[in-house]
1. Tally the residues that are closer than 30 Å to residue 71 by Cβ and assigned to a strand (DSSP E or B), restricting the search to the stretch 145-162.
2. Take the stretch 94-118 and flag every residue that is in contact with a Pro (Cβ under 8 Å, 6 or more places away or on another chain) and touching a residue at least 40 places away in the same chain (Cβ under 8 Å).
3. Can you name every residue in the stretch 136-152 that is at pLDDT 90 or above and closer than 16 Å to residue 88 by Cα?
4. Among the candidates 142, 62, single out the residue that is buried (at least 19 other Cβ atoms within 10 Å of the Cβ), assigned to a strand (DSSP E or B), touching a residue at least 40 places away in the same chain (Cβ under 8 Å) and within 14 Å of the chain's Cα centre (by Cα).
5. Consider only pairs whose beta carbons are under 6 Å apart and that are at least six residues apart or on different chains; among these, list those whose first residue lies in the stretch 148-167 and is surrounded by fewer than 18 Cβ atoms within 10 Å (Cβ to Cβ) and whose second residue is part of a loop (DSSP other than H, G, I, E, B) and not small (Gly, Ala, Ser).
6. Among the residues of the stretch 69-89, what is the count of those that are touching a residue at least 24 places away in the same chain (Cβ under 8 Å) and touching a strand residue (DSSP E or B) at 6+ places or on another chain (Cβ under 6 Å)?
7. Return the total of residues in the stretch 29-59 being touching a residue at least 24 places away in the same chain (Cβ under 8 Å) and of a type in the set (D, E, K, R).
8. Hey, any hits in the stretch 109-122 for a residue that's aromatic (Phe, Trp, Tyr), under 16 Å from the mean Cα position of the chain (by Cα), farther than 20 Å from residue 43 by Cβ and not in a loop (DSSP other than H, G, I, E, B)?
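The values are calculated or read from the model by the stated rules, or taken from the named source; none is laboratory data. Worth saying up front: this structure is predicted, and the values here are computed from it rather than measured. Cβ coordinates were reconstructed from backbone atoms using ideal geometry, including for glycine residues, and neighbour counts include every protein chain displayed.
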Amino acid sequence: MSLSKIGLTALAVVVAAAPASAENWTAVGASDGHGERLSLAVDPARSYIFECAPEAVVITETGVTDLLDVRTGTKVGDGPGSTMSPGASVMALFTGKGSPDFVPATAVANPAKGWDMTIRLAKSDKQLNALAKTDMLSLFTTGFTAAVSLSVADRKLFGDFLARCRA
């Protein structure tokens, strides 16, 4: 299945996705080999992390579960010892307009359950640009997806973060 068809599948998933509150974004300055980060605990098992890297913004969703390998139609295991099928790990930053632009993601088994999935987006990416203007964001996968509401303060936080990252 192509990445564009994955987008149609994921759009169906977001309708059923649990909304999450963005009231608790945490900003962490650059340290320990990491760039500046913004993170949000979506729920006790999952988080979103945006990190400024020299050439990109690195976006990670931790604890992703219920992934589907769309090429084979089989579920990807969530528990200890599970393996990720080659090509089954894809993710997209979605800000509410258009359709998700899925890109290959790296996936590392999460110590508790599921997968920690990471993508790298160019600092000029249109979805990143939209973070300072949108009312919601989501990190789409072929599994668990949450829509996160963004307040005026959250949009300013992202706008400032991206301005510093691009400087």
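1. Residues meeting the conditions: 2.
2. Result: 94, single match.
3. 139, 140, 141, 142, 143
4. Of 142, 62, the one residue that is buried (at least 19 other Cβ atoms within 10 Å of the Cβ), assigned to a strand (DSSP E or B), touching a residue at least 40 places away in the same chain (Cβ under 8 Å) and within 14 Å of the chain's Cα centre (by Cα) is 62.
5. Close Cβ pairs (under 6 Å, with a partner that is part of a loop (DSSP other than H, G, I, E, B) and not small (Gly, Ala, Ser)) amount to 166/123.
6. 4
7. Final tally of qualifying residues: 4.
8. no
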